[in-house]
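K.L.:
Dropping the structure in here first, questions after.
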Amino acid sequence: MPVYAKDNSPGGRFRLLFSLFPNFFNNFTMWPPITLPFLRDSISLPSPLPTKSDINNPTMILRHDPNYHKVMVIKQYFLIKYGRGVEQREGDTLYFIEHNLRVSAPRLYAMYREESNGWLYIIMELLSGQPLDKISRVLPGRLDTTSHQYLDPRPSFTR
């Protein structure tokens with residue numbers, strides 16, 4: 001058995017897996033990214049998509065970091081996330097979950113890039129429930145939003 005140096009760089013675990021199990025990934029199909037702009041057909045929407053005026057006058061602002069992103073509620077149906085720190089993979093993930101998994105997740109209604117500033121806008125379904133930062137206070141030590149021990153989005157193949 002070959003000896004591999006520990007590689008914690010981005011993609012290092014995947015390089016190790018590919019080298020150990022090259023045939024495992026031969027039939028694995030990646031989900032293609034959504035072509036922008038993405039707009040769900042109006043029949044499947046609870047209400048017409050928010051306009052620029054709606055976005056400029058939100059019902060409620062949930063988070064606002066001028067250097068990163070803004071998250072807001074529009075009417076009672078839409079959660080909008082936009083800004084410099086918003087990445088397309090978040091919208092792609094919502095779309096993938098809706099079409100491939102049986103879990104409760106917001107539906108992606110629209111995703112587009114604003115030409116004037118390059119920011120990505122994601123318009124999704126507003127679901128009822130508790131925000132994760134509120135749950136972490138209810139379950140201390142179980143869900144720590146500041147610790148990557150519980151919420152690290154990277155897959156872990158070794159312990």
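The values are calculated or read from the model by the stated rules, or taken from the named source; none is laboratory data. This is a predicted model, so every value here is computed, not measured. Note: ideal-geometry Cβ built from the backbone for every residue, glycine included; neighbour counts use all protein chains shown.
K.L.:
Can you name the residue in region 27-38 that is touching a residue at least 24 places away in the same chain (Cβ under 8 Å) and among the hydrophobic types (A, V, I, L, M, F, W, C) and is also surrounded by the fewest Cβ atoms within 10 Å (Cβ to Cβ) among such residues?
P.N.:
Looking at residues that are touching a residue at least 24 places away in the same chain (Cβ under 8 Å) and among the hydrophobic types (A, V, I, L, M, F, W, C), I get W31.
K.L.:
So, one more: Could you please tell me which pairs satisfy a Cβ distance under 9 Å, a separation of 6+ or placement on different chains, a first residue in region 78-98 that is among the aliphatic types (A, V, I, L, M), and a second residue that is surrounded by 15 or more Cβ atoms within 10 Å (Cβ to Cβ) and assigned to a helix (DSSP H, G or I)?
P.N.:
As it stands, the answer is I80/D54; I80/I55, since those pairs meet every condition given.
K.L.:
While we're on this one: Output the number of the condition that Q76 fails; it satisfies all remaining conditions of (1) surrounded by 18 or more Cβ atoms within 10 Å (Cβ to Cβ); (2) assigned to a loop (DSSP other than H, G, I, E, B).
P.N.:
(1)
K.L.:
Any residue in region 116-135 that is modelled with pLDDT under 90, more than 25 Å from L49 (Cβ to Cβ), touching a helix residue (DSSP H, G or I) at 6+ places or on another chain (Cβ under 9 Å) and of a type outside the set (F, W, Y)?
P.N.:
The first filter runs over region 116-135 and keeps only residues modelled with pLDDT under 90, leaving 127-135.
Add one more test, that the residue is more than 25 Å from L49 (Cβ to Cβ), and what stays is 130, 132-135.
From what's left, touching a helix residue (DSSP H, G or I) at 6+ places or on another chain (Cβ under 9 Å): 130, 132.
With of a type outside the set (F, W, Y) added as a condition, the list becomes 130, 132.
Yes, region 116-135 has at least one match.
K.L.:
Looking at this structure, is L108 more than 16 Å from K70 (Cβ to Cβ), modelled with pLDDT of 90 or more and aliphatic (A, V, I, L, M)?
P.N.:
Numbers: more than 16 Å from K70 (Cβ to Cβ): yes; modelled with pLDDT of 90 or more: yes; aliphatic (A, V, I, L, M): yes.
When the stated conditions are applied, L108 passes them.
K.L.:
With (1) more than 18 Å from L126 (Cβ to Cβ); (2) of a type in the set (D, E); (3) surrounded by 10 or more Cβ atoms within 10 Å (Cβ to Cβ) as the list, and D41 as the residue in question, which single condition is left unmet?
P.N.:
Here D41 clears every test but (3).
K.L.:
For N56, are the conditions met, namely being free of Cβ contacts under 8 Å to residues at least 12 places away in the same chain and farther than 25 Å from P33 by Cα?
P.N.:
Details: free of Cβ contacts under 8 Å to residues at least 12 places away in the same chain: yes; farther than 25 Å from P33 by Cα: yes.
So N56 passes the test.
K.L.:
Also, I was wondering about something else. Scan region 79-102 for residues that are closer than 16 Å to L39 by Cβ, part of a strand (DSSP E or B) and not aliphatic (A, V, I, L, M) and jot them down. Don't jump to the end; show me each part of the working.
P.N.:
Residues of region 79-102 closer than 16 Å to L39 by Cβ: 80, 82, 88, 91-92, 94-95, 98.
Then drop every residue that is not part of a strand (DSSP E or B), which leaves 80, 82.
Residue satisfying the conditions is Y82 alone.
K.L.:
Can I ask one more? Would you mind telling me which numbered condition in (1) on the phi > 0 side of the Ramachandran plot; (2) modelled with pLDDT of 95 or more L45 fails?
P.N.:
Unmet for L45, out of (1) on the phi > 0 side of the Ramachandran plot; (2) modelled with pLDDT of 95 or more: (1).
K.L.:
Of the numbered conditions (1) farther than 20 Å from S128 by Cβ; (2) in contact with a helix residue (DSSP H, G or I) (Cβ under 8 Å, 6 or more places away or on another chain); (3) of a type in the set (A, V, I, L, M); (4) not in a loop (DSSP other than H, G, I, E, B), I55 satisfies every one except a single condition; which is it?
P.N.:
(2)
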